[in-house]
Amino acid sequence: MVDWSASQYLKFERQRTQPAIDLVNRIGLSNPEKILDVGCGPGNSTRVLKNRYGQARVTGIDNSENMLEKARADHPDIEFMLCDVSGDLRELDGGYDIVFSNACLQWVPDHGTLIGKLMNLLIKDGVLAVQVPYNFSEPVHTILDDLSSSARWREYFPEKRIYHTLSPGEYFDILADITPDFEIWETVYYHVMKSHENIMEWYRGTGLRPYLDVLPGEKKSEFEQDVLGRLIEAYPKQKNGEIVFRFPRLFFTAIAR
C-alpha cells in the first residue's frame, strides 16, 4: 500500500481540485440527496461536491488514515470513513444518487469489476462520475519507467510498475455492457510551474510515492536527483523562466438504468 501524505498532496490543491470541479459541472442532477466520494483523499474533492449540493448527505471514503485525518480536520461538516474501494464495499449501504471519484481509481486494479461494483451502489438514474490521470505517456512517467529499469536502479524495483488505468476504448466496452447512457472525454491541463523542483514536489505527493516507499532512506534523495536531472532536460523553460507541465486526464460519466 502506498504511504500517502495529505500535506504533500495539498501543496498543489488548486490544480488538483480543478478536475473535480470540471467533473461536477458535467453531472446533470439538480437535487441529489446522497453522494459518495470514492478516494476522497484530504477532502478537497468532497468539498467541491458539498459546495455544489449543499442539501445532500455527502460521504467521503479513503483507505488512508493520514488523508482522512486531514479531511476531518478541514471539513468537519462532512462525513468521512475508512474504506478500501478494492474490497467488497459491504460497509456501504448503497442508494447513492452520485458516486464520484477524482484521481483515485488509477491505484485500484480490475476496473472491469470495479466499475460494475460502483454502478451497483447507485439508485436508478443515479450518476457515476470518474476522473483518472491519463498521463502515462508524458515525459515524467517515461523518466520514472526508464530510471527504475536502468542498471543503476533496477535492483530496487524488481517488478515493473503496473498501471491500472485502461484505454478509452476499454472503458467504452465496460460501460456499454452496463448502461446505454455514458460519456467519455479527455482534457489536457497545462499547469504553470515556477521551477523543475515544483514538478518534483507535485510528484512527491502522487507518482513518486510507489518508488520512494520501497527505497532505503539514503537512496531516496539519490533517486530524486536522477529524476530531477531528467526533468530539466524534458521540460524546457519558457521565455519568462516558468515551465509548462502538461497533464492529460480522462473522464467518464454513466447513468444507472
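The values are calculated or read from the model by the stated rules, or taken from the named source; none is laboratory data. On a predicted model such as this, the values are computed, not experimentally measured, just so you know. All Cβ positions, glycine included, derive from the backbone under ideal geometry; neighbour counts span all protein chains shown.
For the reader, a short list of remarks on this structure follows.
So that you can scan it fast, the table gives a plain yes or no per residue for (1) among the basic types (Lys, Arg); (2) under 30 Å from ILE98 (Cα atoms):
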| position | (1), (2) |
| --- | --- |
| GLU222 | no, no |
| GLY229 | no, no |
| ALA234 | no, no |
| LYS239 | yes, no |
| GLU242 | no, no |
| PRO248 | no, yes |
| PHE252 | no, yes |
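- A Cβ distance below 6 Å, combined with a sequence gap of six or more or placement on separate chains, defines the contacts here; from the stretch 154-172, residues that are touching a residue at least 12 places away in the same chain (Cβ under 8 Å) reach residues that are of a type in the set (Gly, Ala, Ser) and not in a loop (DSSP other than H, G, I, E, B) in the pairs PHE157/SER148.
- In the stretch 6-26 there is at least one residue matching the filter, namely being closer than 20 Å to ALA254 by Cα, part of a loop (DSSP other than H, G, I, E, B) and out of contact with any His (no Cβ under 7 Å at 6 or more places or on another chain).
- Test: residue in the stretch 208-222 that is within 22 Å of PRO133 (Cα to Cα) and in a loop (DSSP other than H, G, I, E, B): yes
- The number of residues in the stretch 95-136 being over 12 Å from VAL38 (Cα atoms), in a loop (DSSP other than H, G, I, E, B) and either acidic (Asp, Glu) or modelled with pLDDT of 95 or more (or both) comes to 6.
- Yes/no for TYR203 being closer than 30 Å to ARG26 by Cβ, surrounded by 14 or more Cβ atoms within 10 Å (Cβ to Cβ) and out of contact with any helix residue (DSSP H, G or I) (no Cβ under 7 Å at 6 or more places or on another chain): no
- Within the stretch 63-91, being in contact (Cβ under 8 Å) with a residue 40 or more places away in the chain and either buried (at least 19 other Cβ atoms within 10 Å of the Cβ) or under 17 Å from the mean Cα position of the chain (by Cα) (or both) holds for ASN63, SER64, ASN66, MET67, LYS70, ALA71, PHE80, VAL85.
- Filtered residue count, the stretch 108-153, keeping only those that are touching a helix residue (DSSP H, G or I) at 6+ places or on another chain (Cβ under 7 Å) and under 30 Å from PRO236 (Cα atoms): 11
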